[in-house]
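Participant: Supplied in structure tokens, the structure appears directly below.
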Amino acid sequence: MTVDPNAATQDFPSPDHRRPSAARYLVPALVAAVVAVALGAYGKVHDPAGTAFNLAGFSGTSAVKSWLGTAAFAFALVQIVSAFMVYGKLRGPSWAPALHRWSGRVAFLLAVPVAVHCLYALGYQTYSTRVLWHSFLGCFFFGAFSAKMLLLRVERLPGWLLPVVGGLAFAVLTLLWLTSALWFFRTVGVTT
């Protein structure tokens, strides 16, 4: 009987079947924590400037942020629907993965100026429960988003991990929208 020296044994799994090391998950989690804490710390120690930008055609920066945040939330909804298509939970077109990637990119690009304005112009505020939660969730969102982007590059992830982290990022963005744009529209009115 001949023995194949390259054959996998029962005692030692082949390299293709090894479990990923915990560091593959720990690094994105640590980066997420660092991003969230760094944003919160900057927002807390930074002396708020009052305003960072305004766009022509809008009544003020709160209106700009509310509309950009609403557009980001709308693209995040597209993200959720397209994720269900990518994972086979909904029937979708062959271009659903591209829709998922591009809607995520657009949502992120719309959220960044809002976050920059909030951190630079207002800082990390705690003067009311709504504002405290909004400040906390804003920092948490960018941490969760960072973790999701890093996890995309990790091989052999458990099938549930990326949808859970993506769902968490969506849930936090939804809460951000509820505590900012929706609050603004209900308090001030739907205005530009």
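Participant: Of all the helices (runs of 4 or more DSSP H) wholly in segment 94-192, which have at least 2 residues that are open to solvent by 50 Å² or more (accessible area, probe 1.4 Å) and of a type in the set (A, V, I, L, M)?
Facilitator: Passing ranges, in order: 96-117, 129-151, 161-179.
Participant: While we're looking at this one, here's another question. Going by what's in this entry, would VAL81 be described as part of a helix (DSSP H, G or I), in contact (Cβ under 8 Å) with a residue 12 or more places away in the chain and β-branched (Val, Ile, Thr)?
Facilitator: No: the conditions fail for VAL81.
Participant: Could you figure out which of (1) at pLDDT below 75; (2) assigned to a helix (DSSP H, G or I); (3) open to solvent by less than 70 Å² (accessible area, probe 1.4 Å) isn't true of ALA63?
Facilitator: (1)
Participant: Could you tell me whether LYS89 is open to solvent by 40 Å² or more (accessible area, probe 1.4 Å), modelled with pLDDT of 80 or more and farther than 24 Å from THR174 by Cβ?
Facilitator: Spelling it out, it is not the case that LYS89 is open to solvent by 40 Å² or more (accessible area, probe 1.4 Å), modelled with pLDDT of 80 or more and farther than 24 Å from THR174 by Cβ.
Participant: Continuing with this model, one more query. Give me the pairs, please: first residue somewhere in segment 97-125 and closer than 13 Å to LEU39 by Cβ, second residue anywhere and surrounded by fewer than 17 Cβ atoms within 10 Å (Cβ to Cβ) and charged (D, E, K, R), beta-carbon distance under 7 Å, and either six or more positions apart or on two chains.
Facilitator: What qualifies is GLY123/LYS44; TYR124/LYS44.
Participant: I would also like to ask the following. Among LEU132, LEU90, LEU119, LEU137, which is hydrophobic (A, V, I, L, M, F, W, C) and in contact with a His (Cβ under 9 Å, 6 or more places away or on another chain)?
Facilitator: Selected residue: LEU119, the only one of LEU132, LEU90, LEU119, LEU137 that is hydrophobic (A, V, I, L, M, F, W, C) and in contact with a His (Cβ under 9 Å, 6 or more places away or on another chain).
The values are calculated or read from the model by the stated rules, or taken from the named source; none is laboratory data. Everything numeric in this text was worked out from a predicted model, so none of it was measured. A quick note on method: Cβ atoms are made from the backbone with ideal geometry, for glycine too, and the neighbour counts reach across all protein chains shown. Remember, those area values only see protein heavy atoms, side chains included, never the ligands or the DNA or RNA. Shrake-Rupley method; radii C 1.70, N 1.55, O 1.52, S 1.80 Å.
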